[in-house]
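Presented below is the structure to which this report refers.
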Amino acid sequence: MRLKNRVAIVTGGGGGLGEGISMCLAREGAHVVVSDLKLELAEKVAAKVKELGVKAMAIRTDVRKPDECKEMVDVTIKEMGRLDILVANAGVDGLPTGDATASPLIEDIEEEDWDLVVDVNLKGVFMCNRAVAPYFKEKKSGRIINIASVAGRQGVDFLAPYAATKAGVISFSQSVALQMAPYHVNVNTVCPGIIWTPMWERLASFASTSLPDFGGAPPEDVYSLVVQSMIPFKKDQTPTDIGNAVVFLASDDASEITGQALNVCGGMRMN
Ligand SMILES: NC(=O)c1ccc[n+]([C@@H]2O[C@H](COP(=O)([O-])OP(=O)(O)OC[C@H]3O[C@@H](n4cnc5c(N)ncnc54)[C@H](O)[C@@H]3O)[C@@H](O)[C@H]2O)c1
């Protein structure tokens, strides 16, 4: 119960890592506002969170839209009475939309695919951080945890736009940490490794059809191969592994930690 009665917002909370993070926060006693572009997904997760005996609500938010991010914060404070923790988790993979066999080469990347991944992953984090900053500054406390990726630590050949946004999230979070330090607001980043979520299902299908190295292998085999070849622990991570790291950074145990990026990746990256 390290987060008893604190109130958290989790963006992109309607599935995958967002669901795991929401459940971990709730298990530690936090009330959770599950925010997602898809309201029906957020509602399903909010119902599961409530079963743990804390308050939960679902809200539809497109993190690209400043008005919707502000509304997410305002509604949370109005309905829950306070806000203590922001987890900016919403993200997209940045793979070519439409044609599943499209090339990920720089010369073939479409401008609209670049814009989408930058808008959601980088501008979306900015919008959510901006929306909570005045409130956290005024109450002189708060925790911001932005979800980046190990792809932000080192480029990935077939995910160039995605990796660029995640490196941006790490850097942006450090700047926000410096700005918020005088107000006792801790701002950190979690860099997950490889987790089987709808995002990785898409990545594995894409790799299978578009990357010759995988020769059309079934997506599950592609995933296994990537995990085995890239992760020293020889196993993937789970949404709960990421949720546990978020809980730690949101808790009083992490009061002296700010501006850090924590890899949760079985040793896949050590920088
Ligand atoms: N799965 C992994 O292996 C992995 C690894 C490293 C980092 N991450 C990061 O973790 C986060 C969650 O990833 P995931 O695997 O759960 O992905 P996912 O695709 O399974 O879930 C992402 C969620 O974000 C929501 N979303 C998409 N666009 C949005 C928008 N504009 N506004 C609000 N919500 C939006 C989706 O509806 C979805 O519920 C992402 O930031 C991702 O980059 C994932």
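None of the figures in this text is laboratory data; all of them are computed from the coordinates on show. These numbers come from a predicted model, not from an experiment. Cβ placement follows ideal geometry from the backbone for every residue including glycine, while neighbour counts extend to all protein chains displayed.
Could you work out the local net charge near Tyr183, counting Lys and Arg as +1, Asp and Glu as -1, over the other residues with Cβ closer than 10 Å to its Cβ? Residues close to Tyr183 contribute a combined charge of +2.
Model label points for Leu105 and Ala217, set 7 angstrom from Cα along the Cα-to-Cβ axis, are 2.4 nm apart. Scaling the Cα radius of gyration of the chain by the globular reference 2.2 N^0.38 Å produces a ratio of 0.97.
Take every Cα pair under 8 Å whose residues are at least 6 apart in sequence, average their separation, divide by the length of the stretch 117-192, and the relative contact order is 42 percent. Seen against the Cα atoms of the chain and their longest principal axis, helix 160-180 is set at about 20 degrees. One Cα centroid belongs to the stretch 136-204, the other to the stretch 235-271; the line between them spans 11 Å. Against the chain, whose longest principal axis comes from its Cα atoms, helix 124-139 is set at around 20 degrees. Helix 219-230 and the longest principal axis of the C-alpha atoms of the chain enclose an angle of approximately 80°. Comparing Ser251, Ser149, Ser173 in a Gaussian network model of the chain (Cα springs below 10 Å), the most mobile by mean-square fluctuation is Ser251. Electrostatic bookkeeping for Arg269 treats Lys and Arg as +1 and Asp and Glu as -1; over the other residues with beta carbon under 13 Å from its beta carbon, the sum is +2. For the Cα trace of the stretch 17-62, dividing Rg by the Kirkwood Rh returns an Rg/Rh value of 0.93. Pairs of Cα atoms nearer than 8 Å and 6+ residues apart set the relative contact order; for the stretch 159-271 it is 36 percent.
When all alpha-carbon pairs of the stretch 209-271 are counted, what percent fall beyond 15 Å? Here the long-distance tail beyond 15 Å is 63 percent of all Cα pairs in the stretch 209-271. Within a straight-line Cα-Cα reach of under 17 Å, Lys50 can be paired with the following lysines, leaving aside sequence neighbours fewer than 8 residues apart in one chain: Lys4. Translational diffusion of the stretch 1-116 was estimated from the Stokes-Einstein equation, with Rh taken as the Kirkwood radius over Cα pairs; at 10 °C and 1.306 mPa s the coefficient is 106 µm²/s. Going by neighbour counts of Cβ atoms within 10 Å, the residues His184, His31 line up, fewest first, as His184, His31. The ellipsoid equivalent to the alpha-carbon distribution of the stretch 93-215 has semi-axes of 33, 14, 11 angstrom, derived from the gyration tensor eigenvalues as √(5λ) and listed largest first.
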